[in-house]
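Quick notes on the structure that follows.
Taken together, the values in this text are just the output of simple stated rules run on the coordinates, not laboratory data. The structure displayed is predicted, hence computed values, not measured ones. Counting neighbours? That spans all protein chains shown, and the Cβs are built from the backbone with ideal geometry, glycine included.
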Amino acid sequence: MTYSVRELAQGVLKRDRRSVARLMTAIENGDPDSRAAVSELYSHTGCAYTVGVTGPPGSGKSTLIGQLAKQYRRQGKKVGVIAVDPSSPFSGGAFLGDRIRMQELSADEGVFVRSMATRGNLGGLAKDTADFVSVLDAFGCDIIFVETVGAGQSEVDVVKLADTIVLVMAPGLGDDIQAIKAGIMEIGDIMVVNKADRENAERTVLEITEALELETEQKEWSPPVVRTIATSSEGADKLVERLEEHRSYLKKAGMTHRRIKGETQLLEALKAKLAETVIADLRSDPDYEGMIEKIASRRLNPYEAATELVGKIVGKKWT
Amino acid sequence: MSETTLKVRSAGAERRIRALVAKPGLNSHDRGAKVIARALRDAGMEVIYTGLRQTPERIVEAAMQEDVDVLCLSILSGAHMTLLPKIVNLMKRKDLDDILVIAGGIIPEEDVSKLKEMGIAEVFGPGTPTPVTVNYIRNNLKRKL
């Protein structure tokens, strides 16, 4: 059965799950009509609350998201989950193993879970994750969880995307000092110490609390520390309470928060459009490979080359 | 430009085959499923692995949400003649029959033709070299890449 990508957008608005899934695939594969479809859905977005879940591998992010999803389902909320895992830089393939921790949710029509591979994108998310969030938002999800790759120290994409960021740590992963050094603690709105039944859990809680106190910048929101045992759902209800508190806090901060997000979306869309247009053009330029050669052999400086190229493009527009 | 550079550069750009590897039923170990999952990943596919003891309904729902190109069912328990047709019928009912469905595991020769009639495209017995399965998938996808 054939369908157009624009029809898929309509399907999403009509709450058809298959349309959501297919539209996501079209976006991810760069279908030329998918831009227009996402654009059409834009005015239907803005209702979902987006929670980024980040933290080192093995900290229990997926299991925790599964528990949070259950909590929100009990409230009758519609839940979306996007779980991102890394692509192999050599084979290009990926093992997307987050869903396995949430598989019982597949029996619940009120939850939509989609796995994504980074496909070379750095920063913790895939290139199209933001668009996937928009699709789930337009589809009617009340809350959308986005699980990052979880390398732990370079998860900056999620900052631009999520309303609230939950940083999940677990005792004994050796990440506490690393995290402080890397500054990742700055991005967490809520800190979770998962596997809180482990021996050194309290030490981890202490280290995080102390690290938070070291943050000298005066913030209006003090990140709370929540203990959880994701495998038994312990602490999940407390975590939901903290999420709702942060959500209220954001509401009070009002348009500021939405404006920051709006500006981010504009700049990202602009960068993507520019890159797409310019780079496509550039690659078909006969001088392109020669330029690369010169840069590799240090006869040409990439920064100067870029400035020159931009000058040419802008110059074309202005003459 | 070195071959590795070319590979790395194009790793992000190509259209990837997405596969779901599932184990319906009451099987207790999943070594075979994990072997095939790894092989598909090494062949450049994006593999969603749903783990042990999955009901047909959950497997089909996952295949739909993940919009996979191929569904690989691994089954050891002997319940293949009930579980596999159930899955294929669910897929048809949900308008998912553009997804290639293959099966592997302990499935007796005499049941293979019946399964094929019901909609399982191919059955791969234990010990099938993984490149055989990978190539079959590549050459028999129902959806255009």
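Odds and ends about this structure:
- FRET efficiency for the pair A:GLU293 and A:LEU270, taken as 1/(1 + (r/R0)^6) with r the Cβ-Cβ distance and R0 = 30 Å, rounds to 0.50.
- Candidates B:VAL134, B:VAL35, B:VAL68: whichever shows maximal mean-square fluctuation once chain B is modelled as a Gaussian network with Cα springs under 10 Å: B:VAL35
- Mean projected area in nm² (Cα convex hull; one quarter of hull surface) for region A:265-314: 3.8 nm²
- Residue order, fewest to most surrounding Cβ atoms within 10 angstrom, among A:LYS261, B:LYS142, A:LYS61: B:LYS142, A:LYS261, A:LYS61
- For the protein assembly as shown, the alpha carbon convex hull comes to 181 Å³ per residue, rounded to a whole number.
- For A:TYR49, the residues 5 or more places off, or on other chains, whose built amide H falls under 5 Å of its own are A:ILE143, A:ILE144.
- Going from the fewest other Cβ atoms within 10 Å to the most, the residues B:ASP95, B:ASP30 appear in the order B:ASP95, B:ASP30.
- Shielding of peptide B:81-87 by partners, expressed as the average count of other chain Cβ atoms within 10 Å per residue Cβ, is 0.
- Relative exposure of A:VAL20, A:VAL5, judged by other C-beta atoms within 10 Å (fewest first): A:VAL5, A:VAL20
- Long-range tail of P(r) for region B:74-122 (Cα pairs > 17 Å, %): 25 percent
- Cα lying deepest toward the dipole's positive end in the protein assembly as shown, options B:VAL123, A:MET191, B:LEU40, charges on Cβ: B:VAL123
- Residue by residue, region A:47-53 carries 3J(HN,Hα) couplings of 9, 6, 9, 9, 10, x, 10 Hz when phi is fed to the Karplus relation 6.51 cos²θ - 1.76 cosθ + 1.60 (θ = phi - 60°); x denotes Gly or Pro.
- For region A:1-43, alpha-carbon Rg and Dmax in angstrom: 9.1, 28
- Membrane-span-like helices in chain A, defined purely by DSSP H runs whose alpha carbon atoms cover 30 Å or more axially and whose average Kyte-Doolittle hydropathy reaches -1.0, are A:255-283.
- By average C-beta atoms within 10 angstrom, highest first, the peptides B:106-118, A:233-245: A:233-245, B:106-118
- For B:GLY104, residues with placed amide H under 5 Å, excluding near neighbours: B:LEU73, B:SER74, B:ILE75, B:PHE124
- The value for region A:6-124 of Rg(Cα) / (2.2 N^0.38 Å) is 1.13.
- Selection of GluC sites (Glu not before Pro), region A:34-110, meeting DSSP coil and at most 10 other Cβ within 10 Å: A:GLU109
- Size of electric dipole in region A:33-95: Cβ of Lys, Arg +1 and of Asp, Glu -1, about Cα centre, debye, nearest 20: 420 debye
- Value of [θ]222 nm, deg cm²/dmol, for chain B, DSSP H segments ≥ 4, -39500 (n - 2.57) each, nearest 500: -14000 deg cm²/dmol
- Theoretical ellipticity at 222 nm over chain A - DSSP helices of four or more residues, -39500 (n - 2.57) apiece, nearest 500: -15000 deg cm²/dmol
- Value in Å of the Kirkwood radius, where region A:55-172 supplies the Cα pairs that are averaged: 14.5 Å
- Lys, Arg +1 and Asp, Glu -1 on Cβ, resulting dipole of chain B about Cα centre, debye, nearest 20: 300 debye
- Gap separating the Cα centres of region A:195-244 and region B:36-56, nearest whole Å: 34 Å
- HN-Hα J in Hz across region B:118-125 - Karplus 6.51, -1.76, 1.60, θ = phi - 60°, x for Gly and Pro: 7, x, 7, 5, 7, 10, 10, x
- Residue with peak Gaussian network fluctuation, chain A [Cα springs, cutoff 10 Å], from A:ALA26, A:ALA196, A:ALA275: A:ALA275
- Pairwise FRET efficiency - A:LYS77 versus B:ALA79, Cβ, R0 = 41 Å, nearest 0.05: 0.70
- For the peptide B:63-74, the mean number of other protein chain Cβ atoms found within 10 angstrom of a residue's Cβ is 4.
- Label-to-label distance, nm, for residues given as B:ARG93 and B:LYS144 (7 Å Cα→Cβ offset): 3.2 nm
- Couplings 3J(HN,Hα) for region B:93-98, derived from phi with the Karplus relation 6.51 cos²θ - 1.76 cosθ + 1.60 (θ = phi - 60°), are 4, 9, 6, 10, 7, 8 Hz, where x marks Gly and Pro.
- Point-charge dipole on Cβ atoms (K/R +1, D/E -1) for region A:1-43, about Cα centre, debye to 20: 200 debye
- Test item: A:95-108 mean partner chain Cβ contacts at 10 Å: 6
- Chain A: most fluctuating residue of A:LYS127, A:LYS271, A:LYS160 per GNM, C-alpha cutoff 10 Å: A:LYS271
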